[in-house]
Amino acid sequence: PDESLAVGIQSALWNAGRVRSAGAVDILIAAYAIANDATILSADQDFAHIAAVSDLVHEYVAPTA
């Protein structure tokens, strides 16, 4: 994806008051998923924060014991 997509996600998180809710790697993964119309399946709640401020499609998958 274009770098502006990742910067836009980070900016949207900041503007929503979720400054430390997702790391740089999670933002890059989300940008690639958005650019490729992919759904992220993860037990990481950081992607839920990103999905709340972007076009990311995320499904929480609970970890198994």
Subset of the range 15-28 (residues that are assigned to a helix (DSSP H, G or I), surrounded by 12 or more Cβ atoms within 10 Å (Cβ to Cβ) and hydrophobic (A, V, I, L, M, F, W, C))
27, 28
Of the listed residues (27, 9), the one being in contact with a Ser or Thr (Cβ under 6 Å, 6 or more places away or on another chain) and not basic (Lys, Arg) is 9
Residue pairs qualifying under the 6 Å Cβ cut-off, at least six apart or on distinct chains, with the first in the range 31-49 being under 20 Å from residue 7 (Cβ atoms) and open to solvent by 60 Å² or more (accessible area, probe 1.4 Å) and the second being small (Gly, Ala, Ser) and in a loop (DSSP other than H, G, I, E, B), are 49/21; 49/22
Is it true that residue 12 is without any contact (Cβ under 8 Å) to a residue 60 or more places away in the chain, in contact with a Leu (Cβ under 9 Å, 6 or more places away or on another chain), among the small types (Gly, Ala, Ser) and surrounded by 14 or more Cβ atoms within 10 Å (Cβ to Cβ)?
no
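The values are calculated or read from the model by the stated rules, or taken from the named source; none is laboratory data. If you're wondering where the values come from, they're calculated on a predicted model, not measured in any experiment. Virtual Cβ from ideal backbone geometry, glycine too; neighbours counted across all protein chains shown. Side chains included, ligands, DNA and RNA excluded: accessible areas come from the protein's heavy atoms. Shrake-Rupley method; radii C 1.70, N 1.55, O 1.52, S 1.80 Å.
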